[in-house]
Amino acid sequence: MPDGTDQALDQLSLAERLARVQAAVTDAASAAGRPASDVTTIVVTKFHPAELIRDLHALGVRDVAENRHQEAAAKVHELSDLGDLTWHFVGQLQSKKARQVAAYAHAVHSIDRVALVQALSVARERPLDCFVQVNLTDDPGRGGVDPSSLEPLVEAVLSTPSLALRGVMAVAPLGEEPRRAFARLGGFSQRLRALAPGAVGISAGMSHDFREAIAEGATHLRIGTAITGNRPQHG
Ligand SMILES: *Cc1c(COP(=O)(O)O)cnc(C)c1O
């Protein structure tokens, strides 16, 4: 397809797509000599209705992700009867929205600057899980902290009691072999762990590159279309 959509995907049921991805995750983990239980699959449900999350929940999914505050907040509200969902926020986060996101999210994967850490420093019952997003490209517009500023950002998270540092996060750059990019991310994970030995998480891998991410040590996959089907048209 010219726009990259895979029409065959929408011929399958949600349960079939989920099962296919789960089997592929298990295979990739086993090929990497890792137990499948090392890897958490988070289903990215952006642009899909809350009902899809309800269907995923019925299929056993508990970790879901959104990338925009307004949409996330509406779905959290609509699904408040499902008490055991874990909500991950994976999109660029404006500081002025941080406090609102912290009110419902269990984890934020897109910590990319000290100002955001400060904005997320709000009283909480339990700390907010945080992943520091690292930019794997040379383009500062691509999101994530420049690797040269990784340590100060990590220190900022570590000195904020309401935040629990879990690890690094990244999106593979377009036009680079994903495995190479994820290997680089592994190096940034080591740098982070030099400051925070317990923060062993690596949030990496999407529909088209989760196998490569698993091979390079990913612990949290963020998978959208391969499970949800193609996203509905949006403006
Ligand atoms: C949308 C999104 C994903 C999932 O992408 P797919 O290609 O649909 O699997 C993962 N991570 C982030 C940050 C996203 O915005």
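The numbers here are math on the coordinates, done by the rules we state, and not lab data. If you're wondering where the values come from, they're calculated on a predicted model, not measured in any experiment. As a convention, Cβ positions derive from the backbone with ideal geometry for all residues, glycine included, and neighbour counts pool all protein chains shown.
Summary of values
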| quantity | calculated |
| --- | --- |
| Estimated distance in nm for a label pair at Q70 and V200, the labels positioned 7 Å out from Cα along Cα-to-Cβ | 4.1 nm |
| Gaussian network model of the chain, springs between alpha carbon atoms under 10 Å - residue of A123, A172, A199 with greatest fluctuation | A123 |
| Relative contact order computed over segment 13-92 (Cα-Cα under 8 Å; 6+ residues apart), in percent | 26 percent |
| The chain - charge dipole about Cα centre, Lys and Arg +1 at Cβ, Asp and Glu -1, debye rounded to 20 | 480 debye |
| Computed E for R99/D146 - FRET, C-beta separation, R0 25 angstrom, nearest 0.05 | 0.45 |
| Charge-dipole axis of segment 3-228 as Lys and Arg at +1 and Asp and Glu at -1 on Cβ define it, positive-most pick from Q92, I42, S162 | S162 |
